[in-house]
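Inspection log for the structure reproduced underneath, given as structure tokens.
The values are calculated or read from the model by the stated rules, or taken from the named source; none is laboratory data. Everything quoted here is computed from the prediction, not taken from an experiment. Methodologically, a virtual Cβ is constructed for each residue, glycine included, from the backbone with ideal geometry; neighbour enumeration extends over all protein chains shown. With ligands, DNA and RNA removed, areas are computed over all heavy atoms of the protein, side chains included. Shrake-Rupley method; radii C 1.70, N 1.55, O 1.52, S 1.80 Å.
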Amino acid sequence: MIHAVSRRVPIVRRALAALAVPLALCAAPAFAQVACTNINTVQISSSPLMNNEYGGHLNAHIRGQVPPPGFTQNNRTLFRDAQDWTEAYNTLAAQNPPLYCAQNPQPDAEAARDLPIQFFSYQCTAANAAGVCTAGREIQTNTVRVVMRFINRRWVLYTAYPVPR
């Protein structure tokens, strides 16, 4: 009889071990991360046309775009145009390792990266009542800072801007 019980113990251990793997995978997402640029809401909010609506203020840093209410382009460094921003975003999306966003973040969590990209950017020195730049000068920048933020239970592109030398 003891012999029969000792045979069952390895079977029980194997069964428990087999259950442990799926259970571990269920617990893993609490610490898991995903490439930010693979997240649908980041992709949508990276568009200047959609960014304000998603809670970002990317348009406060793109010349010719209207920033969201409460933001101005005055005293900010701007991409010369939306095409320069698209080039920066594509550079971020192609990086290995990617910028990671946590799968279960706290509200207002952020993920950020500085990209080594040279641009002729624009330093705004005056803006109209809508916050759109009306005066400034061209400057050279060699870094673009990109910030993702967890807003309203979704990751969005919060802001991106050229960093002056």
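Structure notes:
- Hits in the stretch 98-155 - residues which are of a type in the set (A, V, I, L, M), open to solvent by 30 Å² or more (accessible area, probe 1.4 Å) and over 14 Å from the mean Cα position of the chain (by Cα): 126, 127, 129, 130, 135
- Only one entry of 8, 76, 80 meets the criterion of being among the charged types (D, E, K, R), farther than 22 Å from residue 150 by Cα and modelled with pLDDT under 95, and that entry is 8.
Each row is one residue, and each column tells you yes or no for (1) within 15 Å of residue 155 (Cα to Cα); (2) modelled with pLDDT under 95.
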{"position": "28", "(1), (2)": "no, yes"}
{"position": "31", "(1), (2)": "no, yes"}
{"position": "40", "(1), (2)": "yes, no"}
{"position": "44", "(1), (2)": "yes, no"}
{"position": "56", "(1), (2)": "yes, no"}
{"position": "95", "(1), (2)": "no, no"}
{"position": "103", "(1), (2)": "yes, yes"}
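- In the stretch 78-94, the residues that are in contact (Cβ under 8 Å) with a residue 40 or more places away in the chain reach residues that are open to solvent by 50 Å² or more (accessible area, probe 1.4 Å) with C-beta atoms within less than 7 angstrom, at least six apart or across chains, in these pairs: 78/63; 79/63; 80/63; 80/120; 92/113.
- Under the condition of being in a strand (DSSP E or B), in contact (Cβ under 8 Å) with a residue 60 or more places away in the chain and farther than 18 Å from residue 48 by Cβ, the residues counted in the stretch 137-152 number 2.
- Subset tally (residues that are under 17 Å from the mean Cα position of the chain (by Cα) and surrounded by fewer than 17 Cβ atoms within 10 Å (Cβ to Cβ)) for the stretch 71-97: 9
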